[in-house]
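Below is one structure, written out as structure tokens; comments come after it.
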Amino acid sequence: MKKNKKFLLMALMLLVLAGCSNYLGPDGKVMESKIITWGDSWIWGTEGASWFDALFVWPIAQALNFLTPYVGAFLSIVIVSVAMKMVTIRSTIKSTIQQQKMQLLGPEQSRIEEKYRGRDDQQSKLKKATEIQNLYKKHDINPMGAMGGMLLMLPMMLAMYQSVARAQSIITGSILGQPLSGSPKEGFATMNFVYIGIFVLMVLFQFLSMFLPQYMTKKKMVQRPNDKKPANSPQSMMYVSLVMISFLGLTWPIGMSLYLMVSSLIQLIQTLYINHKYVD
């Protein structure tokens, strides 16, 4: 089952990435031809534009372009990010509940796997699969349901990421008098505290959004001492992801860091809401 989940996630990532066009030039900045301006016609069928650009990136970028003159670049990112979260919140709630249930059942599943360790005959494999399936059925768990949120969130996240990078209103926009086209690296070099503050908050909120779900689960287990403790979740991938985001975030425009900061903060609020409202 784990292999199937990884395969599906990899297949989805490859499909989405195949649909993404290259919009950065040799200097690392968005190419002039890839900037999306308010009033541009829909890019479906345009040379160099992918299906992903036309169906996801272009509409979101135009929403940012439309809102910015009225509310500013920062609030336009906030409004569109919230709207994107609302689109995925239903599947995210289901996915979060399923993931926490599976985490809590980790020790029981490990005991079943240990029971059949070294028994590679077909009958033993079938018995192990049946016992695990019955365990999931007993606790109303659908392993594929735990992937639902990720399957929907991944393309939406990539689309929003590209939209912020390519929307003219964001590229030419500013926050607290500082242009969104500058990078955190430039901010550290010139001691630009607006850039530095956004970058630090982005990293902090990314960290909290990654590790909060595990903390919430452990906290609930302390409040219920009679329940079995969940298996320890591997955290190495989370740390690697955080380091990669922080490293890349130094060189991309501060507008991208601003989006990730807002997105991570919304994710934090969403996680707290789901755990309070839906998770026992």
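Throughout, read-outs are computed from the coordinates displayed, never taken from laboratory work. From a predicted model like this one, the values you see are computed outputs, not experimental measurements. No Cβ is skipped: glycine too gets one built from the backbone with ideal geometry, and neighbour counts run over all protein chains shown.
So if R0 is 25 Å, what FRET efficiency would VAL71 and GLU186 give, r being the distance between their Cβ atoms, rounded to the nearest 0.05? Don't skip to the end; give the middle numbers.
On the way: r = 26 Å, r/R0 = 1.04.
So the FRET efficiency works out to roughly 0.45.
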> Around ILE36, which amide H atoms from residues at least 5 apart in sequence, or from another chain, sit under 5 Å from its own amide H, with H modelled in the peptide plane?
Replying inline: ALA167, GLN168
> FRET efficiency for MET86 and LEU208, Cβ-Cβ distance as r, R0 = 25 Å, nearest 0.05?
Replying inline: 0.75
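Filter the cross-link list LYS94/LYS185; LYS101/LYS127; LYS94/LYS128 down to pairs whose alpha-carbon distance in this structure exceeds 29 Å. Walk me through the numbers before you get to the answer.
Values: LYS94/LYS185 39 Å; LYS101/LYS127 22 Å; LYS94/LYS128 26 Å.
Correct reply: LYS94/LYS185.
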> By how many nm would the segment from LYS137 to GLU32 lengthen if fully extended, with 0.36 nm per residue of separation less the alpha-carbon distance?
Replying inline: 32.4 nm
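Mind checking the full-extension length gain between ILE269 and SER110? Use 0.36 nm per residue of separation minus the Cα-Cα distance, one decimal, nm. Could you put the intermediate results ahead of the total?
Working: separation 159, 0.36 × 159 = 57.24 nm, distance 3.22 nm.
Residue separation times 0.36 nm, minus the Cα-Cα distance, leaves 54.0 nm.
Quick one: divide the alpha-carbon radius of gyration of the stretch 65-106 by 2.2 N^0.38 Å and tell me what you get.
Working: Rg = 16.2 Å, N = 42, 2.2 N^0.38 = 9.1 Å.
Against the compact-globule rule of thumb, the ratio is 1.78.
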>> Let me make sure I get this right: for the stretch 36-100, a, b and c are the square roots of the gyration tensor eigenvalues over alpha carbons, sorted descending. Under 1.5 in a/c it's rounded, otherwise prolate if a/b > b/c, else oblate. Which is it?
In response: oblate
> Where does each of 110-123, 68-81, 247-260, 173-186 land if you order them by average Cβ count within 10 Å, highest first?
Replying inline: 247-260, 68-81, 173-186, 110-123
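Given a Förster distance of 41 Å, report the FRET efficiency between SER124 and SER241 from their Cβ-Cβ distance, rounded to the nearest 0.05.
Numbers: r = 36 Å, r/R0 = 0.88.
Between SER124 and SER241 the formula returns 0.70.
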